[in-house]
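The values are calculated or read from the model by the stated rules, or taken from the named source; none is laboratory data. The structure presented is a predicted model; accordingly, all values stated were derived computationally and were not measured. Here the Cβ is made from the backbone with ideal geometry for all residues, glycine too, and neighbour counts use every protein chain on show. Side chains included, ligands, DNA and RNA excluded: accessible areas come from the protein's heavy atoms. Shrake-Rupley method; radii C 1.70, N 1.55, O 1.52, S 1.80 Å.
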Amino acid sequence: MESLFEEELKLQLPDSTIRYFPSFFSKKMSDGYFEVLRKTVPWQQDDITVFGKTYAQPRLTALFGNNGKPYSYSNITMQPHGFTPELLEIKNRIEQKTTVIFTTCLLNLYRDGQDSNGWHADNEKELGKNPVIASITLGQERLFHLKHRTRKELKHKLLLKHGSLLLMEGETQHHWLHQIAKTRKPIGERINLTFRVIK
């Protein structure tokens, strides 16, 4: 088992607890996880409803978990598959860092720069009051945008690297929105794994 890199960046943003580990997994491990997940995950594309309009979600998704509980957002309800060995390995490594035992992982596949995720917070009721969200990036680097809900001058961008871990904890989801914006640059595929606890 390769050792973890301990470089840690704490984002100094008000009303938040956000930590970033740019090299949480080595390149070799990250490459391996990307290849396996890209080929073996049963990716799906659901219709999403935002502000009364329904359209094909601009990315592919899949849900895995160990408690059988579904996850709902934007009029989509997803049923979990059982964790694979690779997802369990990743989950265990994150849990060593957080001391949180995660039940569920939502995977997103961004196929190119036109795949995106609009402004939102991970604040669904089944996630509890102050959810811990652990986000792993595999593949293409993408900019992660943050903006404060009420203090419009507070914005931040963070480049999420291949093999990185982003932890959002505490009251972050109450006060901040985040997104992965579209880009016209010709870029490769990105797999994002967001581990969470569903009550």
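Quick notes on this structure:
- D by Stokes-Einstein for the stretch 94-199, Kirkwood Rh over Cα pairs, 10 °C, 1.306 mPa s: 110 µm²/s.
- Cα-based radius of gyration of the stretch 90-137 once divided by 2.2 N^0.38 Å, which approximates compact folds: 1.35
- In percent, rounded to a whole number, the relative contact order of the chain is 28, using alpha-carbon pairs under 8 Å and six or more apart.
- Subtracting the Cα-Cα distance of Thr99 and Asn130 from their residue separation scaled by 0.36 nm leaves 9.7 nm.
- Packing around the peptides 129-137, 46-54, 79-87, taken as the average count of other Cβ atoms within 10 Å per residue, puts them in this order, highest first: 129-137, 79-87, 46-54.
- In order through the stretch 29-39: 3J(HN,Hα) via Karplus (6.51 cos²θ - 1.76 cosθ + 1.60), integer Hz, x for Gly, Pro: 5, 5, 4, x, 4, 4, 4, 5, 5, 4, 8
- Volume in Å³ per residue [convex hull over Cα atoms, computed for the chain]: 122 Å³
- Potential extension, Gln12-Lys182 segment - 0.36 nm per residue separation minus Cα distance: 58.6 nm
- Pairs beyond 20 Å (Cα-Cα), from Lys69/Lys199; Lys125/Lys182; Lys161/Lys199; Lys125/Lys199; Lys28/Lys91; Lys10/Lys155: Lys125/Lys182; Lys161/Lys199
- Cα-based values for the stretch 57-113, radius of gyration first and Dmax second, are 12.6, 34 Å.
- Surface composition of the chain: carbon plus sulfur atoms contribute 52% of the solvent-accessible area (1.4 Å probe, protein chains only, all chains present).
- Maximal additional length on extending the His174-Lys39 stretch stands at 45.1 nm, based on 0.36 nm per residue less the C-alpha distance.
- In Hz, Karplus ³J(HN,Hα) per residue of the stretch 126-136 (6.51, -1.76, 1.60; θ = phi - 60°; x = Gly, Pro): 6, 8, x, 5, 10, x, 9, 10, 10, 10, 9
- The shape of the stretch 18-133 can be summarised by an equivalent ellipsoid whose semi-axes, obtained from the alpha carbon gyration tensor, come to 24, 18, 15 Å from longest to shortest.
- 1.4 Å probe accessible area per residue over the chain, in Å²: 50 Å²
- Label sites at Ser74 and Ser26, each approximated as a point 7 angstrom past Cα along Cα to Cβ, lie 3.7 nm apart.
- The share of C-alpha pairs in the stretch 48-90 whose separation exceeds 12 Å stands at 66 percent.
- For the chain, share of DSSP beta bridges that run antiparallel, in % to the nearest 5: 95 percent
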